[in-house]
1. Taking segment 3-36 as the search range and keeping residues that are hydrophobic (A, V, I, L, M, F, W, C) and outside any helix (DSSP H, G or I), which one is nearest to Glu110 (Cα to Cα)?
2. Out of the residues in segment 42-57 meeting the condition of being in a helix (DSSP H, G or I) and touching a residue at least 40 places away in the same chain (Cβ under 8 Å), tell me which one is nearest to Leu130 (Cα to Cα).
3. Only one of these conditions is not met by Ala124: (1) out of contact with any helix residue (DSSP H, G or I) (no Cβ under 6 Å at 6 or more places or on another chain); (2) of a type in the set (A, V, I, L, M); (3) outside any helix (DSSP H, G or I); (4) over 30 Å from Gly203 (Cβ atoms). Which number is it?
4. Could you list, in sequence order, all residues of segment 147-174 that are crowded, with 23+ Cβ neighbours inside 10 Å and either touching a His at 6+ places or on another chain (Cβ under 8 Å) or over 28 Å from Glu113 (Cα atoms) (or both)?
5. Anything in segment 1-26 that is among the basic types (Lys, Arg) and modelled with pLDDT of 95 or more? List them, or say none.
6. Which one is nearest to the chain's Cα centre (by Cα), of the residues in segment 125-135 that are modelled with pLDDT of 95 or more and open to solvent by 40 Å² or more (accessible area, probe 1.4 Å)?
7. Determine if segment 183-195 includes at least one residue that is touching a residue at least 40 places away in the same chain (Cβ under 8 Å) and either open to solvent by 50 Å² or more (accessible area, probe 1.4 Å) or among the aliphatic types (A, V, I, L, M) (or both).
8. Being open to solvent by 50 Å² or more (accessible area, probe 1.4 Å) and either within 21 Å of Leu24 (Cβ to Cβ) or part of a helix (DSSP H, G or I) (or both): is that true of Leu62 here?
Amino acid sequence: MFRLYSPRRTEKIIRALDPEIHFLQDRYRLPAACVQAILYQEMTHMDALDLLADGAVRLFWLKYRACKRLGKQGFPGGLSKKRDSSTGYAQIFGAVGIRAVEFAVEKGIESREALGLPGRALRADTPEDLQLIWRRLRKDPVFNLRLCALNLLFCAQQMTGRTDFSSFGENEMRLIFTRYNANASAVTAYGRETYAHFLRYSGQRAAPSFSAPSI
């Protein structure tokens with residue numbers, strides 16, 4: 001399958017995002033290497049199927065808005081029923097983004113207003129909320145990165161019971177990266193690979209040769 005981002009292009013994009021990534025490091029006490037590792041892992045594995053999934057969701061929301069103008073309520077039926085997908089550089093689902101935002105608000109880590117969101121609680125089963133978050137994740141790279149960081153904090157809390165990244169050992173980091181990708185209780189290949197990227201970006205060992213899987 002054709003990959004959307006080569007390792008070289010991915011590294012170039014990550015370098016361009018460096019100011020925002022380090023802003024997140026300072027704001028959330030989250031090592032820049034965590035976000036960099038997620039971006040590299042996700043972007044080098046994105047392919048045409050990801051574009052198709054985003055396209056299907058976009059069509060769903062176009063249909064939703066058309067139905068709403070006609071006075072219909074709730075989610076529309078029909079052939080296109082896919083209303084969410086992992087999207088943007090950090091490949092975040094709209095529902096996952098909502099969960100990350102609400103977690104951050106509950107813990108006093110971030111406010112909805114600072115993220116440019118309505119001041120009320122967001123719900124993934126509310127069409128307007130899911131559409132809002134998914135569209136921003138897809139179109140706004142800075143917003144996508146911020147929710148990537150907040151989702152990492154959520155994953156850390158869920159897997160370890162705390163969000164202090166300076167306290168995590170090797171296996172805990174692998175579990176956090178695993179949770180970012182899947183609801184799993186044991187370390188997966190994704191968690192191991194992303195942790196290796198984390199070490200590379202944080203300079204904790206010599207950089208191995210990483211590349212996207214062969215097509």
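1. The qualifying residue nearest to Glu110 (Cα to Cα) is Leu30.
2. Per the criteria, the residue is Val57.
3. Looking at each condition in turn, Ala124 falls short on (1).
4. Those that are crowded, with 23+ Cβ neighbours inside 10 Å and either touching a His at 6+ places or on another chain (Cβ under 8 Å) or over 28 Å from Glu113 (Cα atoms) (or both): Met173, Arg174.
5. Residues of segment 1-26 that are among the basic types (Lys, Arg), as a first pass: 3, 8-9, 12, 15.
Scanning segment 1-26 gives Arg8, Arg9, Lys12, Arg15.
6. Once the filter is applied, the top-ranked residue is Arg135.
7. Going residue by residue through segment 183-195, those that are touching a residue at least 40 places away in the same chain (Cβ under 8 Å) are 190, 193-195.
Among the residues that remain, those that are also either open to solvent by 50 Å² or more (accessible area, probe 1.4 Å) or among the aliphatic types (A, V, I, L, M) (or both) are: 193.
Scanning segment 183-195 turns up at least one residue that is touching a residue at least 40 places away in the same chain (Cβ under 8 Å) and either open to solvent by 50 Å² or more (accessible area, probe 1.4 Å) or among the aliphatic types (A, V, I, L, M) (or both).
8. On the way: open to solvent by 50 Å² or more (accessible area, probe 1.4 Å): yes; either within 21 Å of Leu24 (Cβ to Cβ) or part of a helix (DSSP H, G or I) (or both): yes.
Criteria met by Leu62.
The values are calculated or read from the model by the stated rules, or taken from the named source; none is laboratory data. Note that the structure is a prediction, hence the values are computed from the model and not measured. Note: ideal-geometry Cβ built from the backbone for every residue, glycine included; neighbour counts use all protein chains shown. Each accessible area value is taken on the protein alone, full model and side chains, heavy atoms only, with ligands, DNA and RNA left out. Shrake-Rupley method; radii C 1.70, N 1.55, O 1.52, S 1.80 Å.
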